[in-house]
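Enquirer: Once you've had a glance at the structure underneath, I'll fire off some questions.
The numbers here are math on the coordinates, done by the rules we state, and not lab data. Only a predicted model underlies this, so the values are computations on that prediction, with no experimental measurement involved. With ideal geometry, Cβ positions are generated from the backbone for all residues, glycine too; neighbour counts draw on all protein chains shown.
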Amino acid sequence: MDRFENLNFYELLEIPVNASSFEIRQAYRNALSIYEEDSMISDAFFTDEERNVILRRIEEAFSMLIDKGHRVAYNRKMVDSGAIDASLLENIKPKPKGPIPLFSLKKTGGQETLSLKVRARIRGNNFAEVSQPVLSKDLISGKDLKKLRKHVGIAIEEIFEITRISLKVLMAIESDDVASLPQAFYLKNFLKAYAELLKLDSRKVIDGYLKNIGHLNDKK
């Protein structure tokens with residue numbers, strides 16, 4: 001675990017310091033696929049707690065590097081500390097020409113287009129039948145929501161792109177990480193946006209999720 005803590009964000013995502021935004025997104029997705037809960041690779045080497053620490057670190061790296069302003073500030077800090085060579089930052093790779101990658105869509109028309117694509121997947125995957133057993137439960141966990149999201153092939157980055165709920169919060173919701181969840185008022189609104197995107201009954205999702213969180217707190 002110390003090895004991950006000592007890596008800078010570029011090393012963590014295994015990308016060059018002049019990586020393009022497209023390369024950052026691709027590296028982020030690859031990292032998630034390795035360390036997510038259902039990954040056989042990480043399951044053999046890390047405990048659940050260690051994996052959650054790594055995932056939070058990966059999310060932090062992505063959030064920092066994908067934002068132009070934050071990345072400039074981070075690069076300056078790394079150069080000042082001697083961690084990276086300033087000359088390597090002179091040629092940041094531009095966005096690729098041609099079709100915009102799915103996760104590069106902006107918040108305007110692109111965001112609406114992505115939302116339509118997500119909903120088309122929901123309609124084509126017998127989602128109503130799969131989601132009904134979850135919605136009928138008294139306690140709805142983050143793992144239940146994650147399972148439904150994955151059933152229709154929706155990446156967590158897509159939820160972020162459409163709803164603008166931070167990846168950190170989305171990961172906390174799906175992992176039932178009570179300590180990292182926002183205050184109840186914000187959590188309810190985030191759950192409502194998440195549920196509505198997946199065409200779920202938002203009232204049932206909110207009630208079931210909050211009951212489950214209360215149940216987890218009672219067990220402590």
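Enquirer: For a Förster distance of 41 Å, can you work out the FRET efficiency between the beta-carbons of residue 88 and residue 203, rounded to the nearest 0.05?
Expert: According to the calculation, E is roughly 0.20.
Enquirer: Set the bar at 29 Å for Cα to Cα. Now go through 68/199; 77/150; 137/188; 68/147; 168/204 and name every pair that lies beyond it.
Expert: 68/199; 77/150; 68/147
Enquirer: While we're looking at this one, here's another question. In nm, to one decimal, how far is the residue 132 label point from the residue 117 one, both placed 7 Å along Cα→Cβ?
Expert: That separation, rounded to one decimal, is 3.1 nm.
Enquirer: Multiply the residue gap between residue 211 and residue 72 by 0.36 nm, knock off their C-alpha separation, and tell me the result in nm, one decimal place.
Expert: Extra length from residue 211 to residue 72 when fully extended: 45.8 nm.
Enquirer: Among 203-214, 132-143, how do they line up by average Cβ neighbours within 10 Å per residue, starting with the highest?
Expert: 203-214, 132-143
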